1. Would you list which lysines come within 29 Å of Lys202, measuring only between C-alpha atoms, while excluding same-chain residues fewer than 8 positions from it?
2. So if I place +1 on the C-beta of Lys and Arg and -1 on the C-beta of Asp and Glu, and nothing else carries charge, what would the dipole magnitude of the stretch 189-287 be about its Cα centre? I want it in debye, nearest 20.
3. Consider the candidate values (1) 0.97; (2) 0.94; (3) 1.08; state which one is Rg/Rh (Cα atoms, Kirkwood Rh) computed from the structure displayed.
4. Give me the angle, in degrees from 0 to 90, between the Cα long axis of helix 86-113 and the longest principal axis of the Cα atoms of the chain, rounded to the nearest 10.
5. So which trypsin sites (Lys or Arg not before Pro) in the stretch 134-182 are both in a DSSP loop and have at most 11 other Cβ atoms within 10 Å of their Cβ?
6. With no solvent and one equal point scatterer placed on each C-alpha of the stretch 103-206, evaluate the Debye formula and give log10 I(q)/I(0) for q = 0.12, 0.17, 0.23 Å⁻¹, two decimals.
7. Any of Lys88/Lys150; Lys27/Lys50; Lys150/Lys259; Lys150/Lys247 with alpha carbons more than 22 Å apart? Name them for me.
Amino acid sequence: MKITDFFNRNDNSKISRGRYELIDLLKGIMIISVVLYHFAWDLADIAGFKAVENFLGTNVAWYWQQISCGTFIFTSGICAHFSRNNLKNGARVLGFGIIITIVTYIAEIIMNATGMGGGVFIWFGILHFIGCACLIMGLCSKAFDKVPAKLGAPLGLILYLLTRGVYIMTSKIPAGYIGLTWGAHEANRLRLIQLPEILYSKLGMEWLGFESQAFTSSDFFPIIPWLFLFLSGYYFWTLIKDTNFVKKTSHINTPILNKIGRNTIWVYLIHQPVLIVITAIIALCAGKL
C-alpha cells in the first residue's frame, strides 16, 4: 500500500470500479483553500504585512480557516473506510508529520538567525493529527463499529462543537473550556464549563488539546476536538454510502481539482517551503526585510 493511499484512495466497489470523485473534488478545493490561508499567515507573520494580520484576526478569516480544515478532516474520516490498513497508514502519515516538525524546526532557527523572524515551527499539525486518528481508528475500529451510525455521526459533531474551546485560551484565562465557539473573539464564545488550569500548566499535553502558555505551533490540530469531527465523517459515510445521492455524485469531478485532491499529501508537504520562499521575495521587494 502506498503512503498516499489514505489521502488519495477513495475506491468503493458499490459505487463504481473507479473512485468516488466528489471526495477528491472536495479535498482538492479544501487543500487549495488551506494553502491560501497559510500564504496569508506567512505574509502577516513573516513579512509583517499589517493589513493581512488585521484580516486574519477577523471572524471572516476564522470561518475561512475552520471550514477549510474542518471539511478536510471530515472527509478524511470518510476515507478511513477505504484504507486497507489504518494502522500502517497512520504510522506513515505520522512519520511525514514528524519530518515536517524537524524541517520547520531547522527553518525556524535559520529564519531567526537571518532576521526573518520565526513562526513556521509545526508540532502536531494536521498530518500529525491525521496519522494519530488513523492509528486510533486501526486500534479501535471494532469498538467504533459497535456504535450505530445514526448515533455516531451527530454525536461526533456535537462533541466536536462542544469541545472546540478546549484549546482556546487567552492571557487572562489560561485554560480552555467546554462550550460553544462561533468566531475569533471572546464575545463569540459561550463557556459552559471552565476547565482547570492545571491541565494546561506544563508542556507535553498539547497533542491532546491542553495547550500550555509556552507552546507555539504555526499549525495545530490536537486530538480534542478534531477526532470527534473525524469520527463524525466516518459514521456519516456509513449512513449515506448506499443512497441515491452517492450513486448520482460518484462521477462529479473537475480534472485539475480532482488531481490535486488525489495528491493532497504531496501538496501539503511542499507548499509551506515554497510559500516561505515566495513570502521572503515579496518581503524583500516591499522592504520588509
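No value in this document is a laboratory result; all are computed from the given coordinates. A quick note: this is a predicted structure, and the numbers were derived from the prediction, not measured. A quick note on method: Cβ atoms are made from the backbone with ideal geometry, for glycine too, and the neighbour counts reach across all protein chains shown.
1. The qualifying lysines are Lys172.
2. Taking the Cα centre of the stretch 189-287 as origin, the dipole is about 460 debye.
3. Here Rg/Rh (Cα atoms, Kirkwood Rh) agrees with entry (1).
4. Roughly 10 degrees between the two axes.
5. Taking the stretch 134-182 and a limit of 11 other Cβ atoms within 10 Å, the loop trypsin sites (Lys or Arg not before Pro) found are Lys146, Lys172.
6. Debye intensities relative to I(0), on a log10 scale: -0.65, -1.08, -1.20.
7. Lys88/Lys150; Lys27/Lys50; Lys150/Lys259
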